[in-house]
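The values are calculated or read from the model by the stated rules, or taken from the named source; none is laboratory data. Just so it is clear, the structure is predicted and the values come from calculations on it, not from any experiment. Glycine also receives a Cβ, built like all others from the backbone with ideal geometry; neighbour counts cover every protein chain displayed.
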Amino acid sequence: MPVLLKKHGFHTADSAKEGARSGSKHAMRVLFVTSEIATLYKRGGLADVSYALPVALSQLGVNISVAMPYYESVTTKGVTCVGQLALDYDRRRELVFVFRALLPHSHVRAYLFRHPLLNNYDDLHIADRFAFFSKAVAQLSLYSEEMLGGPYDIIHCNDWHTALIPLLIGEQSKVGYRERPRPLSAAPKALAGGETIQSKRVKTILTVHNLLYQGETGSSITLKLGFPKPLFHPFMTPLGRAVRLLTEGFEYADKVTTVSPTYAKEIAAGKHGKRVVEVFSRRKDRMIGILNGLDSKLWDPRNDPSLPVHYDASTVVSAKRVIKAQLRKALRLPESEAPLFGFVGRLESRQKGLDLIARVIKKLAGEAYQLVLLGTGQKKLVALFERLAAEHKNVVFVHTFDERLARRIYAGSDVMLVPSKFEPCGLTQLIAMRYGTLPLVRKTGGLADTVHDGKTGFVFTPYTSTALADKMKEAIALYHEKPARFEAMTAHVMGLDFSWQHQVKEYLALYQSLLKSS
(Lines give C-alpha, C1' and ligand atoms only; values in the text may rest on other atoms or scores of the structure.)
Protein backbone atom coordinates (compact mmCIF):
# COMPACT_ATOMS: atom_id res chain seq x y z
CA MET A 1 0.00 0.00 0.00
CA PRO A 2 1.53 3.39 -0.99
CA VAL A 3 2.19 5.83 1.82
CA LEU A 4 3.39 9.37 2.15
CA LEU A 5 5.89 10.13 4.88
CA LYS A 6 4.78 13.03 7.04
CA LYS A 7 6.09 14.99 10.03
CA HIS A 8 4.03 13.20 12.66
CA GLY A 9 3.50 9.81 11.04
CA PHE A 10 2.08 8.34 7.83
CA HIS A 11 -0.78 9.06 5.48
CA THR A 12 -2.80 6.11 4.28
CA ALA A 13 -3.45 5.63 0.59
CA ASP A 14 -6.87 7.22 1.08
CA SER A 15 -5.40 10.38 2.56
CA ALA A 16 -2.70 10.44 -0.09
CA LYS A 17 -5.40 10.53 -2.75
CA GLU A 18 -7.10 13.34 -0.85
CA GLY A 19 -3.87 15.35 -0.79
CA ALA A 20 -3.30 14.77 -4.48
CA ARG A 21 -6.89 15.78 -5.23
CA SER A 22 -6.39 19.08 -3.42
CA GLY A 23 -3.18 19.74 -5.29
CA SER A 24 -0.67 19.12 -2.48
CA LYS A 25 1.29 15.95 -1.67
CA HIS A 26 2.08 17.22 1.80
CA ALA A 27 -1.15 18.99 2.71
CA MET A 28 -1.56 19.83 6.37
CA ARG A 29 -4.22 17.72 8.05
CA VAL A 30 -6.96 19.55 9.94
CA LEU A 31 -9.97 18.25 11.87
CA PHE A 32 -12.77 20.84 12.04
CA VAL A 33 -15.13 20.01 14.93
CA THR A 34 -18.57 21.56 15.19
CA SER A 35 -22.15 21.03 16.40
CA GLU A 36 -23.78 21.68 13.01
CA ILE A 37 -22.93 21.62 9.31
CA ALA A 38 -25.11 22.94 6.50
CA THR A 39 -26.30 20.13 4.18
CA LEU A 40 -26.31 17.77 7.21
CA TYR A 41 -27.89 19.67 10.11
CA LYS A 42 -28.51 23.40 10.47
CA ARG A 43 -29.66 25.61 13.32
CA GLY A 44 -27.98 28.89 12.42
CA GLY A 45 -25.03 30.67 10.86
CA LEU A 46 -22.47 28.31 12.44
CA ALA A 47 -23.73 25.57 10.12
CA ASP A 48 -23.04 27.71 7.05
CA VAL A 49 -19.50 28.46 8.23
CA SER A 50 -18.91 24.81 9.14
CA TYR A 51 -19.66 23.79 5.57
CA ALA A 52 -18.23 26.65 3.53
CA LEU A 53 -14.94 27.20 5.38
CA PRO A 54 -13.70 23.56 5.25
CA VAL A 55 -14.70 23.31 1.58
CA ALA A 56 -12.82 26.54 0.79
CA LEU A 57 -9.77 25.35 2.74
CA SER A 58 -9.77 22.05 0.87
CA GLN A 59 -9.69 23.98 -2.39
CA LEU A 60 -6.48 25.66 -1.18
CA GLY A 61 -4.79 22.30 -0.59
CA VAL A 62 -5.62 21.71 3.09
CA ASN A 63 -6.43 18.07 3.86
CA ILE A 64 -9.41 18.86 6.09
CA SER A 65 -12.12 16.69 7.63
CA VAL A 66 -15.11 17.70 9.73
CA ALA A 67 -16.64 16.05 12.80
CA MET A 68 -20.18 16.35 14.12
CA PRO A 69 -22.68 14.29 16.17
CA TYR A 70 -24.79 11.93 14.08
CA TYR A 71 -28.20 13.28 15.14
CA GLU A 72 -31.28 11.19 14.39
CA SER A 73 -32.50 13.82 11.92
CA VAL A 74 -29.32 13.74 9.83
CA THR A 75 -29.83 12.14 6.45
CA THR A 76 -26.94 11.85 4.03
CA LYS A 77 -25.87 9.46 1.30
CA GLY A 78 -22.82 7.23 1.12
CA VAL A 79 -22.37 6.80 4.87
CA THR A 80 -19.93 4.08 5.98
CA CYS A 81 -19.30 2.87 9.54
CA VAL A 82 -15.55 2.93 10.09
CA GLY A 83 -15.56 1.45 13.59
CA GLN A 84 -16.61 1.78 17.19
CA LEU A 85 -14.92 3.77 19.91
CA ALA A 86 -14.93 2.83 23.61
CA LEU A 87 -14.78 5.61 26.18
CA ASP A 88 -15.63 6.06 29.84
CA TYR A 89 -18.23 8.68 30.74
CA ASP A 90 -20.18 9.17 33.96
CA ARG A 91 -18.61 5.98 35.39
CA ARG A 92 -19.87 3.85 32.51
CA ARG A 93 -18.16 2.27 29.52
CA GLU A 94 -19.83 3.62 26.38
CA LEU A 95 -19.50 2.59 22.74
CA VAL A 96 -19.69 5.27 20.05
CA PHE A 97 -20.06 4.27 16.42
CA VAL A 98 -18.10 6.43 13.98
CA PHE A 99 -19.37 6.90 10.43
CA ARG A 100 -17.71 8.55 7.45
CA ALA A 101 -19.24 10.36 4.47
CA LEU A 102 -18.37 13.17 2.06
CA LEU A 103 -19.90 16.60 2.43
CA PRO A 104 -22.14 17.16 -0.60
CA HIS A 105 -20.48 18.83 -3.59
CA SER A 106 -17.01 18.54 -2.06
CA HIS A 107 -14.08 16.22 -1.29
CA VAL A 108 -14.28 17.01 2.46
CA ARG A 109 -14.74 13.96 4.67
CA ALA A 110 -17.27 14.12 7.49
CA TYR A 111 -16.96 11.93 10.60
CA LEU A 112 -20.32 11.44 12.32
CA PHE A 113 -20.53 10.15 15.91
CA ARG A 114 -23.53 8.00 16.79
CA HIS A 115 -24.63 7.28 20.35
CA PRO A 116 -28.00 7.61 22.17
CA LEU A 117 -26.70 10.70 24.00
CA LEU A 118 -26.03 12.32 20.61
CA ASN A 119 -29.42 11.63 19.01
CA ASN A 120 -30.72 15.18 19.40
CA TYR A 121 -29.18 18.61 19.67
CA ASP A 122 -30.71 20.20 22.75
CA ASP A 123 -32.67 19.43 25.88
CA LEU A 124 -31.87 19.58 29.58
CA HIS A 125 -28.74 17.50 28.97
CA ILE A 126 -27.14 19.65 26.27
CA ALA A 127 -23.93 20.27 28.27
CA ASP A 128 -23.56 16.52 28.91
CA ARG A 129 -24.15 15.86 25.23
CA PHE A 130 -21.32 18.04 23.99
CA ALA A 131 -18.91 17.16 26.80
CA PHE A 132 -19.42 13.53 25.80
CA PHE A 133 -19.01 14.37 22.10
CA SER A 134 -15.82 16.33 22.83
CA LYS A 135 -14.34 13.42 24.76
CA ALA A 136 -15.19 11.06 21.89
CA VAL A 137 -13.50 13.34 19.35
CA ALA A 138 -10.44 13.78 21.56
CA GLN A 139 -10.10 10.05 22.10
CA LEU A 140 -10.55 9.23 18.43
CA SER A 141 -7.99 11.82 17.34
CA LEU A 142 -5.40 10.52 19.80
CA TYR A 143 -5.85 6.77 19.69
CA SER A 144 -7.66 5.77 16.51
CA GLU A 145 -5.58 7.23 13.72
CA GLU A 146 -6.27 4.27 11.45
CA MET A 147 -9.92 5.36 11.25
CA LEU A 148 -8.88 8.87 10.25
CA GLY A 149 -6.17 8.13 7.71
CA GLY A 150 -3.41 9.35 10.01
CA PRO A 151 -2.84 11.94 12.75
CA TYR A 152 -4.02 15.52 12.51
CA ASP A 153 -1.78 18.57 12.68
CA ILE A 154 -4.55 20.92 13.88
CA ILE A 155 -7.90 20.46 15.59
CA HIS A 156 -10.14 23.46 14.95
CA CYS A 157 -12.91 23.72 17.58
CA ASN A 158 -16.01 25.90 17.30
CA ASP A 159 -17.98 27.58 20.10
CA TRP A 160 -18.66 26.14 23.55
CA HIS A 161 -19.91 22.81 22.19
CA THR A 162 -16.37 21.67 21.36
CA ALA A 163 -14.31 23.97 23.59
CA LEU A 164 -13.26 21.15 25.96
CA ILE A 165 -11.28 19.32 23.29
CA PRO A 166 -7.95 21.16 23.86
CA LEU A 167 -8.03 20.19 27.55
CA LEU A 168 -9.15 16.64 26.79
CA ILE A 169 -6.35 15.93 24.32
CA GLY A 170 -3.71 16.93 26.87
CA GLU A 171 -3.14 20.63 26.26
CA GLN A 172 -1.79 22.56 29.24
CA SER A 173 -3.34 25.81 30.46
CA LYS A 174 -1.85 28.70 28.52
CA VAL A 175 -2.51 31.29 31.23
CA GLY A 176 -2.03 29.44 34.52
CA TYR A 177 -4.41 27.93 37.05
CA ARG A 178 -6.73 29.65 39.44
CA GLU A 179 -6.66 26.54 41.58
CA ARG A 180 -3.53 24.40 41.92
CA PRO A 181 -3.60 20.61 42.15
CA ARG A 182 -2.98 19.11 45.55
CA PRO A 183 0.77 18.50 46.14
CA LEU A 184 0.61 14.72 45.89
CA SER A 185 3.76 14.30 43.81
CA ALA A 186 5.76 16.02 41.14
CA ALA A 187 2.56 16.27 39.07
CA PRO A 188 1.67 19.85 40.09
CA LYS A 189 4.96 21.17 38.73
CA ALA A 190 4.41 19.32 35.46
CA LEU A 191 0.85 20.56 35.21
CA ALA A 192 1.82 24.17 35.80
CA GLY A 193 3.30 24.63 32.33
CA GLY A 194 5.05 23.09 29.35
CA GLU A 195 3.75 20.86 26.59
CA THR A 196 2.74 17.23 26.81
CA ILE A 197 3.46 14.55 24.24
CA GLN A 198 -0.17 14.81 23.06
CA SER A 199 -0.22 18.58 22.75
CA LYS A 200 3.09 18.65 20.88
CA ARG A 201 1.73 16.50 18.09
CA VAL A 202 -1.42 18.53 17.43
CA LYS A 203 -2.21 22.26 17.66
CA THR A 204 -5.63 23.55 18.72
CA ILE A 205 -7.75 26.52 17.70
CA LEU A 206 -11.01 27.65 19.27
CA THR A 207 -13.25 29.96 17.24
CA VAL A 208 -15.91 31.96 19.11
CA HIS A 209 -18.95 32.51 16.92
CA ASN A 210 -21.18 33.96 19.65
CA LEU A 211 -20.09 34.73 23.19
CA LEU A 212 -23.72 34.89 24.31
CA TYR A 213 -23.69 31.09 24.64
CA GLN A 214 -20.95 29.75 26.93
CA GLY A 215 -22.03 26.25 27.91
CA GLU A 216 -22.46 26.91 31.62
CA THR A 217 -23.09 23.75 33.64
CA GLY A 218 -22.57 22.25 37.10
CA SER A 219 -19.06 21.30 38.15
CA SER A 220 -20.18 17.65 38.30
CA ILE A 221 -19.31 17.53 34.61
CA THR A 222 -15.69 17.06 35.70
CA LEU A 223 -16.63 13.81 37.46
CA LYS A 224 -18.55 12.58 34.42
CA LEU A 225 -15.55 13.23 32.22
CA GLY A 226 -13.24 11.54 34.74
CA PHE A 227 -10.77 14.41 34.77
CA PRO A 228 -9.26 16.07 37.88
CA LYS A 229 -11.19 19.09 39.13
CA PRO A 230 -8.06 21.29 39.39
CA LEU A 231 -7.80 21.24 35.60
CA PHE A 232 -11.00 23.28 35.42
CA HIS A 233 -11.81 26.86 36.44
CA PRO A 234 -14.99 26.67 38.56
CA PHE A 235 -16.96 29.59 39.96
CA MET A 236 -19.84 29.98 42.39
CA THR A 237 -23.50 30.44 41.44
CA PRO A 238 -26.64 30.50 43.65
CA LEU A 239 -27.04 26.82 42.79
CA GLY A 240 -23.47 25.85 43.62
CA ARG A 241 -20.16 25.49 41.77
CA ALA A 242 -20.26 25.63 37.99
CA VAL A 243 -17.94 25.74 34.98
CA ARG A 244 -18.21 27.37 31.57
CA LEU A 245 -17.07 25.07 28.82
CA LEU A 246 -16.22 27.99 26.54
CA THR A 247 -13.91 29.51 29.15
CA GLU A 248 -12.02 26.23 29.42
CA GLY A 249 -11.35 26.48 25.71
CA PHE A 250 -9.98 30.01 26.19
CA GLU A 251 -7.60 28.66 28.83
CA TYR A 252 -6.27 25.68 26.89
CA ALA A 253 -6.41 26.30 23.12
CA ASP A 254 -3.23 27.35 21.32
CA LYS A 255 -5.12 30.09 19.46
CA VAL A 256 -8.46 31.78 20.05
CA THR A 257 -10.22 33.43 17.14
CA THR A 258 -13.45 35.37 16.72
CA VAL A 259 -15.48 35.84 13.55
CA SER A 260 -14.65 39.52 13.04
CA PRO A 261 -11.82 41.87 14.11
CA THR A 262 -14.17 44.35 15.81
CA TYR A 263 -15.87 41.59 17.83
CA ALA A 264 -12.45 40.50 19.13
CA LYS A 265 -11.73 44.06 20.28
CA GLU A 266 -15.17 44.37 21.89
CA ILE A 267 -14.71 41.14 23.85
CA ALA A 268 -11.26 42.19 25.08
CA ALA A 269 -12.70 45.56 26.13
CA GLY A 270 -15.41 43.91 28.21
CA LYS A 271 -18.34 45.04 26.07
CA HIS A 272 -19.82 41.54 26.12
CA GLY A 273 -19.47 40.81 29.81
CA LYS A 274 -16.70 40.78 32.38
CA ARG A 275 -16.60 37.00 32.70
CA VAL A 276 -14.04 36.49 29.98
CA VAL A 277 -12.18 39.81 30.04
CA GLU A 278 -9.56 38.49 32.48
CA VAL A 279 -8.63 35.47 30.42
CA PHE A 280 -8.82 37.42 27.16
CA SER A 281 -6.55 40.12 28.51
CA ARG A 282 -4.01 37.43 29.42
CA ARG A 283 -4.28 35.87 25.96
CA LYS A 284 -4.16 38.96 23.76
CA ASP A 285 -1.07 37.65 21.98
CA ARG A 286 -2.93 34.45 21.02
CA MET A 287 -6.22 36.02 19.89
CA ILE A 288 -7.18 37.08 16.39
CA GLY A 289 -10.36 38.24 14.65
CA ILE A 290 -11.03 36.81 11.16
CA LEU A 291 -14.11 37.94 9.32
CA ASN A 292 -16.52 35.25 8.14
CA GLY A 293 -17.06 34.78 4.44
CA LEU A 294 -20.15 34.05 2.38
CA ASP A 295 -20.69 31.04 0.14
CA SER A 296 -20.97 32.88 -3.17
CA LYS A 297 -22.26 29.79 -4.98
CA LEU A 298 -24.99 29.11 -2.44
CA TRP A 299 -26.04 32.76 -2.47
CA ASP A 300 -26.08 33.88 -6.09
CA PRO A 301 -28.92 35.96 -7.60
CA ARG A 302 -27.72 35.01 -11.07
CA ASN A 303 -29.07 31.46 -10.68
CA ASP A 304 -30.99 31.29 -7.38
CA PRO A 305 -33.92 28.89 -8.05
CA SER A 306 -36.03 30.68 -5.41
CA LEU A 307 -36.17 33.89 -7.45
CA PRO A 308 -38.65 34.58 -10.27
CA VAL A 309 -36.01 36.69 -12.07
CA HIS A 310 -32.24 36.26 -12.12
CA TYR A 311 -29.91 39.24 -12.23
CA ASP A 312 -26.47 40.72 -11.74
CA ALA A 313 -25.17 44.23 -10.98
CA SER A 314 -26.09 45.47 -14.44
CA THR A 315 -29.73 44.34 -14.22
CA VAL A 316 -30.43 44.56 -10.49
CA VAL A 317 -32.61 47.67 -10.63
CA SER A 318 -35.13 46.31 -13.14
CA ALA A 319 -35.08 42.80 -11.66
CA LYS A 320 -35.68 44.11 -8.15
CA ARG A 321 -38.83 45.91 -9.32
CA VAL A 322 -40.26 42.63 -10.62
CA ILE A 323 -39.33 40.63 -7.52
CA LYS A 324 -40.59 43.35 -5.18
CA ALA A 325 -43.94 43.53 -7.00
CA GLN A 326 -44.43 39.76 -6.73
CA LEU A 327 -43.33 39.79 -3.09
CA ARG A 328 -45.85 42.50 -2.24
CA LYS A 329 -48.60 40.56 -3.99
CA ALA A 330 -47.73 37.33 -2.16
CA LEU A 331 -47.65 39.10 1.20
CA ARG A 332 -50.75 41.19 0.48
CA LEU A 333 -48.90 44.45 0.86
CA PRO A 334 -50.44 47.37 -1.06
CA GLU A 335 -48.75 48.41 -4.29
CA SER A 336 -46.60 51.42 -3.48
CA GLU A 337 -43.73 53.61 -4.60
CA ALA A 338 -42.35 53.43 -1.05
CA PRO A 339 -39.10 51.57 -0.27
CA LEU A 340 -39.45 48.08 1.14
CA PHE A 341 -37.47 47.26 4.30
CA GLY A 342 -36.82 43.64 5.24
CA PHE A 343 -35.84 41.68 8.34
CA VAL A 344 -34.88 37.99 8.24
CA GLY A 345 -33.64 36.29 11.40
CA ARG A 346 -34.27 34.79 14.80
CA LEU A 347 -36.75 36.53 17.09
CA GLU A 348 -34.21 36.86 19.90
CA SER A 349 -34.57 39.63 22.48
CA ARG A 350 -30.97 39.73 23.67
CA GLN A 351 -29.18 40.29 20.37
CA LYS A 352 -31.11 41.16 17.24
CA GLY A 353 -32.48 44.62 18.10
CA LEU A 354 -36.12 43.63 17.77
CA ASP A 355 -37.11 45.91 20.64
CA LEU A 356 -35.82 48.82 18.54
CA ILE A 357 -37.78 47.67 15.48
CA ALA A 358 -40.98 47.39 17.51
CA ARG A 359 -40.64 50.95 18.79
CA VAL A 360 -39.63 52.29 15.37
CA ILE A 361 -42.80 50.91 13.74
CA LYS A 362 -44.78 53.26 16.01
CA LYS A 363 -42.35 56.18 15.57
CA LEU A 364 -42.54 56.01 11.76
CA ALA A 365 -46.29 55.62 11.47
CA GLY A 366 -46.53 58.55 9.05
CA GLU A 367 -43.53 57.70 6.87
CA ALA A 368 -43.78 56.31 3.32
CA TYR A 369 -42.18 52.88 3.72
CA GLN A 370 -43.14 49.22 4.03
CA LEU A 371 -41.65 46.50 6.24
CA VAL A 372 -41.69 42.71 6.02
CA LEU A 373 -40.34 40.58 8.88
CA LEU A 374 -39.66 36.85 8.62
CA GLY A 375 -38.58 34.68 11.55
CA THR A 376 -39.37 32.39 14.43
CA GLY A 377 -38.44 32.60 18.09
CA GLN A 378 -39.65 33.78 21.46
CA LYS A 379 -43.42 33.68 21.99
CA LYS A 380 -43.59 37.19 23.43
CA LEU A 381 -41.90 38.64 20.35
CA VAL A 382 -44.13 36.62 18.02
CA ALA A 383 -47.22 38.00 19.75
CA LEU A 384 -45.79 41.55 19.68
CA PHE A 385 -45.11 41.55 15.94
CA GLU A 386 -48.38 39.85 15.10
CA ARG A 387 -50.14 42.70 16.92
CA LEU A 388 -48.02 45.42 15.27
CA ALA A 389 -48.66 43.92 11.82
CA ALA A 390 -52.40 43.93 12.52
CA GLU A 391 -52.26 47.60 13.56
CA HIS A 392 -50.08 48.87 10.67
CA LYS A 393 -51.06 48.16 7.05
CA ASN A 394 -47.50 48.79 5.84
CA VAL A 395 -46.07 46.01 8.04
CA VAL A 396 -46.20 42.26 7.40
CA PHE A 397 -44.93 39.61 9.83
CA VAL A 398 -44.47 36.00 8.70
CA HIS A 399 -43.91 33.62 11.61
CA THR A 400 -42.13 30.70 9.97
CA PHE A 401 -38.79 29.55 8.65
CA ASP A 402 -39.12 29.62 4.86
CA GLU A 403 -35.85 29.52 2.91
CA ARG A 404 -37.52 30.38 -0.40
CA LEU A 405 -39.36 33.37 1.05
CA ALA A 406 -36.22 34.52 2.86
CA ARG A 407 -34.32 34.65 -0.43
CA ARG A 408 -37.13 36.61 -2.07
CA ILE A 409 -37.06 39.10 0.79
CA TYR A 410 -33.29 39.49 0.40
CA ALA A 411 -33.75 40.10 -3.33
CA GLY A 412 -36.97 42.12 -3.27
CA SER A 413 -36.24 44.48 -0.40
CA ASP A 414 -34.56 47.84 -0.90
CA VAL A 415 -33.07 47.96 2.61
CA MET A 416 -32.33 45.11 5.05
CA LEU A 417 -32.58 45.90 8.77
CA VAL A 418 -29.84 44.53 11.06
CA PRO A 419 -30.07 46.76 14.19
CA SER A 420 -28.30 44.27 16.47
CA LYS A 421 -27.31 45.04 20.03
CA PHE A 422 -24.23 42.96 19.19
CA GLU A 423 -23.25 40.89 16.17
CA PRO A 424 -20.12 38.69 16.15
CA CYS A 425 -20.02 38.75 12.35
CA GLY A 426 -23.43 38.47 10.78
CA LEU A 427 -24.37 36.91 7.46
CA THR A 428 -27.56 38.89 6.89
CA GLN A 429 -25.78 42.04 5.78
CA LEU A 430 -23.44 40.03 3.52
CA ILE A 431 -26.32 38.18 1.87
CA ALA A 432 -28.22 41.47 1.45
CA MET A 433 -25.32 43.10 -0.38
CA ARG A 434 -24.83 40.00 -2.52
CA TYR A 435 -28.47 40.42 -3.62
CA GLY A 436 -28.22 44.18 -4.20
CA THR A 437 -30.05 45.22 -1.03
CA LEU A 438 -28.55 47.96 1.14
CA PRO A 439 -28.04 46.92 4.78
CA LEU A 440 -29.03 49.28 7.59
CA VAL A 441 -27.00 48.20 10.60
CA ARG A 442 -25.85 49.22 14.02
CA LYS A 443 -22.11 49.84 14.33
CA THR A 444 -21.02 46.75 16.25
CA GLY A 445 -18.95 43.61 15.66
CA GLY A 446 -18.84 42.32 12.12
CA LEU A 447 -21.46 44.86 11.03
CA ALA A 448 -18.93 47.62 11.71
CA ASP A 449 -16.31 45.73 9.67
CA THR A 450 -18.49 45.17 6.60
CA VAL A 451 -20.88 48.14 6.19
CA HIS A 452 -19.79 51.74 5.65
CA ASP A 453 -22.30 54.52 6.10
CA GLY A 454 -23.34 56.26 2.90
CA LYS A 455 -21.20 53.98 0.74
CA THR A 456 -22.32 50.38 1.20
CA GLY A 457 -25.33 50.93 3.42
CA PHE A 458 -26.62 52.88 6.40
CA VAL A 459 -24.99 52.79 9.85
CA PHE A 460 -26.12 54.11 13.25
CA THR A 461 -24.33 53.83 16.58
CA PRO A 462 -26.41 54.46 19.73
CA TYR A 463 -28.61 51.51 20.65
CA THR A 464 -31.81 53.57 20.66
CA SER A 465 -35.01 53.53 18.64
CA THR A 466 -34.48 57.22 17.89
CA ALA A 467 -31.12 56.53 16.24
CA LEU A 468 -32.65 53.70 14.21
CA ALA A 469 -35.63 55.83 13.21
CA ASP A 470 -33.37 58.69 12.08
CA LYS A 471 -31.29 56.35 9.92
CA MET A 472 -34.40 54.76 8.40
CA LYS A 473 -35.71 58.25 7.56
CA GLU A 474 -32.37 58.97 5.90
CA ALA A 475 -32.69 55.82 3.78
CA ILE A 476 -36.29 56.68 2.86
CA ALA A 477 -35.30 60.22 1.87
CA LEU A 478 -32.40 58.98 -0.27
CA TYR A 479 -34.68 56.47 -2.01
CA HIS A 480 -37.27 59.12 -2.87
CA GLU A 481 -35.09 62.20 -3.44
CA LYS A 482 -31.91 60.78 -4.98
CA PRO A 483 -32.93 57.56 -6.72
CA ALA A 484 -29.89 57.55 -9.01
CA ARG A 485 -27.53 57.54 -6.03
CA PHE A 486 -29.58 54.87 -4.28
CA GLU A 487 -29.42 52.67 -7.39
CA ALA A 488 -25.68 53.29 -7.78
CA MET A 489 -25.09 52.11 -4.20
CA THR A 490 -27.22 49.06 -4.93
CA ALA A 491 -25.09 48.10 -7.95
CA HIS A 492 -21.87 48.90 -6.05
CA VAL A 493 -22.52 46.53 -3.13
CA MET A 494 -23.15 43.66 -5.54
CA GLY A 495 -19.55 43.99 -6.69
CA LEU A 496 -18.04 43.62 -3.21
CA ASP A 497 -16.21 40.35 -2.52
CA PHE A 498 -17.06 38.76 0.82
CA SER A 499 -16.65 35.22 -0.50
CA TRP A 500 -14.79 32.52 1.39
CA GLN A 501 -12.29 32.41 -1.47
CA HIS A 502 -11.11 35.77 -0.19
CA GLN A 503 -11.48 35.30 3.58
CA VAL A 504 -10.14 31.75 3.77
CA LYS A 505 -6.57 32.88 3.15
CA GLU A 506 -6.43 34.32 6.67
CA TYR A 507 -7.29 30.93 8.16
CA LEU A 508 -4.68 29.27 5.99
CA ALA A 509 -2.08 31.77 7.22
CA LEU A 510 -3.13 31.08 10.82
CA TYR A 511 -2.77 27.31 10.33
CA GLN A 512 0.65 27.74 8.76
CA SER A 513 1.87 30.00 11.56
CA LEU A 514 0.77 27.44 14.17
CA LEU A 515 2.68 24.64 12.47
CA LYS A 516 5.80 26.79 12.12
CA SER A 517 5.76 27.44 15.86
CA SER A 518 5.60 23.73 16.72
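Observations, loosely collected:
- Those residues of the range 362-384 which are crowded, with 16+ Cβ neighbours inside 10 Å, among the β-branched types (Val, Ile, Thr) and out of contact with any strand residue (DSSP E or B) (no Cβ under 6 Å at 6 or more places or on another chain), in sequence order: none
- Within the range 16-36, the set of residues being at pLDDT 90 or above and not basic (Lys, Arg) comprises Met28, Val30, Leu31, Phe32, Val33, Thr34, Ser35, Glu36.
- From the list Gly457, Gly426, Gly445, the lone residue that is buried (at least 24 other Cβ atoms within 10 Å of the Cβ), closer than 17 Å to Phe343 by Cβ and either of a type in the set (Asp, Glu) or at pLDDT 95 or above (or both) is Gly457.
- Checklist (1) outside any loop (DSSP other than H, G, I, E, B); (2) at pLDDT below 95; (3) not assigned by TED's automatic domain parsing to the domain that holds Tyr507 applied to Ile267, failing item: (3)
- Filter result (of a type in the set (A, V, I, L, M, F, W, C) and touching a Ser or Thr at 6+ places or on another chain (Cβ under 7 Å)) within the range 204-244: Ile205, Val208, Phe232, Ala242, Val243
- Filtered residues of the range 38-54 (kept if in contact (Cβ under 8 Å) with a residue 60 or more places away in the chain and in a helix (DSSP H, G or I)): Gly45, Leu46, Asp48, Val49, Ser50, Tyr51, Ala52, Leu53
- All conditions but one from (1) in contact with a Gly (Cβ under 9 Å, 6 or more places away or on another chain); (2) of a type outside the set (Lys, Arg); (3) modelled with pLDDT of 95 or more apply to Gln370; the one that does not is (1).
- Between Thr315, Thr237, Thr262, the distinction of being touching an Asp or Glu at 6+ places or on another chain (Cβ under 9 Å) and surrounded by 15 or more Cβ atoms within 10 Å (Cβ to Cβ) belongs to Thr262 only.
- Residue within the range 80-91 that is among the acidic types (Asp, Glu), in contact with a Gly (Cβ under 9 Å, 6 or more places away or on another chain) and on the phi > 0 side of the Ramachandran plot present: yes
- Filtered residues of the range 83-137 (kept if among the basic types (Lys, Arg) and in contact with a helix residue (DSSP H, G or I) (Cβ under 9 Å, 6 or more places away or on another chain)): Arg91, Arg100, Arg109, Arg129, Lys135
- When restricted to residues that are without any contact (Cβ under 8 Å) to a residue 60 or more places away in the chain and within 20 Å of Ile357 (Cα to Cα), the range 448-461 contains 7.
- Pairs with Cβ under 8 Å, 6+ apart, first in the range 462-482 and more than 14 Å from Val415 (Cβ to Cβ), second part of a helix (DSSP H, G or I): Tyr463/Leu356; Thr464/Leu356; Ser465/Asp355; Ser465/Leu356; Ser465/Arg359; Ser465/Val360; Ser465/Lys363; Thr466/Lys363
- Looking at the range 83-180, the strands (runs of 3 or more DSSP E) lying wholly inside it that each contain 3 or more residues that are more than 14 Å from Tyr252 (Cα to Cα) sit at 92-102, 109-114.
Here's the yes/no breakdown for (1) among the small types (Gly, Ala, Ser); (2) modelled with pLDDT of 95 or more; (3) surrounded by fewer than 16 Cβ atoms within 10 Å (Cβ to Cβ):
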residue	(1), (2), (3)
Ala38	yes, no, no
Lys42	no, no, yes
Gly45	yes, no, no
Asp48	no, no, no
Ser58	yes, yes, no
Val66	no, yes, no
Tyr70	no, yes, no
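- Any helices (runs of 4 or more DSSP H) falling wholly within the range 297-403 and containing at least 3 residues that are touching a residue at least 40 places away in the same chain (Cβ under 8 Å) and over 25 Å from the mean Cα position of the chain (by Cα): 316-331, 354-363
- Among the residues of the range 441-464, those identified as hydrophobic (A, V, I, L, M, F, W, C) and either more than 17 Å from Leu430 (Cβ to Cβ) or touching a helix residue (DSSP H, G or I) at 6+ places or on another chain (Cβ under 7 Å) (or both) are Val441, Leu447, Ala448, Val451, Phe458, Phe460.
- Among the candidates Arg408, Arg387, the residue that is surrounded by 15 or more Cβ atoms within 10 Å (Cβ to Cβ) and either closer than 22 Å to Lys329 by Cβ or not acidic (Asp, Glu) (or both) is uniquely Arg408.
- The residues in the range 390-405 that are farther than 22 Å from Val316 by Cα and either surrounded by 14 or more Cβ atoms within 10 Å (Cβ to Cβ) or of a type outside the set (D, E, K, R) (or both) can be counted, and the count is 11.
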